[in-house]
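Visitor: What follows is a single structure, and I will ask about it in a moment.
The values are calculated or read from the model by the stated rules, or taken from the named source; none is laboratory data. These numbers were taken from a predicted model, which means no experiment stands behind them. Because the Cβ atoms are built from the backbone with ideal geometry, glycine has one as well, and the counts that use them run over all protein chains shown.
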Amino acid sequence: MSSRKYELVYIVSPDATEEQVADLHAQVEAIAQRLNGQIEKTDNWGRRKLAYEIGPHKEGIYVLEEIAGDGELMKEIDRRLKVTDLVIRHLVVRVDEERSVIDRARTLRTETSRRRRVARGLPPDRQPGEGQRGDGDDDRDDRDDAGLDG
């Protein structure tokens, strides 16, 4: 099975020490390594107010992990976090499909823009200083390039 991308967000009890949060991350990392996965990014968002109370907690320490691995790895991480007292909530989301859809849409938009520009006798990509904005994959302002006023 090929490697997939997941985002894991877990909320740690606000009573946890920095050391305990670091230990929890080390446990997740150890599971990932043992099951041939890899943590690509860790982002500790720190202590935040919860949207709603979870048990006695009004706030928690949020941690985001981006993980490459397979479903078995994520099942094991899920199982371990469920039995970890310090974790008051966690969520795993598979993100590789959404990213590939976004990339395909961006590529299609760029190709369409280039085709339209070439059909109007323009270079396929925006030239420096052309149009109102500097983003190359949006051709709504290209009428300005042909010397036409709206």
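Visitor: Condition first: in a helix (DSSP H, G or I) and basic (Lys, Arg). Now tell me which residues in segment 20-42 satisfy that.
Guide: Hit for segment 20-42 is Arg34, nothing else.
Visitor: Scan Asp149, Asp144, Asp138, Asp85 and give me the residue that is part of a helix (DSSP H, G or I), acidic (Asp, Glu) and either modelled with pLDDT under 80 or under 27 Å from Gln27 (Cβ atoms) (or both).
Guide: Sole residue among the options that is part of a helix (DSSP H, G or I), acidic (Asp, Glu) and either modelled with pLDDT under 80 or under 27 Å from Gln27 (Cβ atoms) (or both): Asp144.
Visitor: Taking only segment 4-19 into account, find how many residues are surrounded by 14 or more Cβ atoms within 10 Å (Cβ to Cβ) and either assigned to a strand (DSSP E or B) or among the polar types (S, T, N, Q) (or both).
Guide: So the count comes out to 10.
Visitor: State all residues of segment 51-67 that are of a type in the set (A, V, I, L, M), at pLDDT 95 or above and surrounded by fewer than 17 Cβ atoms within 10 Å (Cβ to Cβ); if no residue qualifies, say none.
Guide: Hit for segment 51-67 is Leu64, nothing else.
Visitor: Looking only at residues in segment 92-117 that are of a type in the set (A, V, I, L, M, F, W, C) and surrounded by 12 or more Cβ atoms within 10 Å (Cβ to Cβ), which one is farthest from Glu40 (Cα to Cα)?
Guide: Looking at residues that are of a type in the set (A, V, I, L, M, F, W, C) and surrounded by 12 or more Cβ atoms within 10 Å (Cβ to Cβ), I get Val92.
Visitor: When you check Arg120 against the structure, is it touching a helix residue (DSSP H, G or I) at 6+ places or on another chain (Cβ under 9 Å) and either modelled with pLDDT of 85 or more or closer than 30 Å to Glu66 by Cβ (or both), yes or no? So that I can check it myself, show each step before the final result.
Guide: Numbers: touching a helix residue (DSSP H, G or I) at 6+ places or on another chain (Cβ under 9 Å): yes; either modelled with pLDDT of 85 or more or closer than 30 Å to Glu66 by Cβ (or both): yes.
When the stated conditions are applied, Arg120 passes them.
Visitor: On to the next question. Would you check if Arg109 is assigned to a helix (DSSP H, G or I), at pLDDT 75 or above and in contact with a Pro (Cβ under 8 Å, 6 or more places away or on another chain)?
Guide: no
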